[in-house]
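Below you'll find the structure, written out as structure tokens, and then a few comments.
Here, each number is a calculation from the coordinates, and none is a lab measurement. Since we're looking at a predicted model, the values are computed, not measured. Cβ sites come from the backbone with ideal geometry, for glycine too, and all protein chains shown count toward neighbours.
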Amino acid sequence: MNCKYCHSQLSPEDKFCTNCGAINEAYENPNKGIFDAINESDLMTKGNIDRESFSKKQRPGVFNWGAFTLVAVWALGNKLYLLAILECIPLVNIILAFVAGFKGNEWAARSLDYRDMDEFARIQEPWNRAGLSVFIITLVILFLYFFVFLVLAQIAASM
Ligand SMILES: [Zn+2]
């Protein structure tokens, strides 16, 4: 088949045109279903990753801080539009944050077409780091807020 735009020769495994970079509409993911693996070893074989890097990487079954703290933004970035809409409902959004943290990677893996586990991890790692940073910063601000409050209460009590 040929590229729709520049007409250069393409193979079905090319996600993008190697000449002009356009999306190959006939792209067939050779690893389609890698995230459907039932157990860890199956996932490692299908996902083409080694045991050592496996434990640290973002993958279905691993907690995603990005999905937990940045739910709506993360959902939009991963084309999980229903989640982004549900996240606007008060109270429901608190419960959803936890569910998204634990199940988010599983949803994301099915939402977009990833070439392999590494590509998935490369995209979810920055989300995870950003989410964790936001979480820590929020904790620090809350801590400072209560600290200032306690100091003020002490001063008020001594007057
Ligand atoms: Zn092209």
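Quick look at the numbers
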read-out	value
Ascending count of other beta-carbon atoms within 10 Å, so fewest first, for TRP107, TRP127	TRP107, TRP127
Rg/Rh (Cα only; Kirkwood hydrodynamic radius) as it applies to the range 50-131	0.98
Two-site label geometry, LEU150 and LYS79: point separation in nm, points 7 Å out along Cα→Cβ	4.9
Other-chain or far-sequence residues with amide H under 5 Å of PHE16's (modelled H)	ASN24
Relative contact order computed over the range 51-110 (Cα-Cα under 8 Å; 6+ residues apart), in percent	48
Positive minus negative residues near ASN128 (Lys, Arg vs Asp, Glu; Cβ under 14 Å)	+4
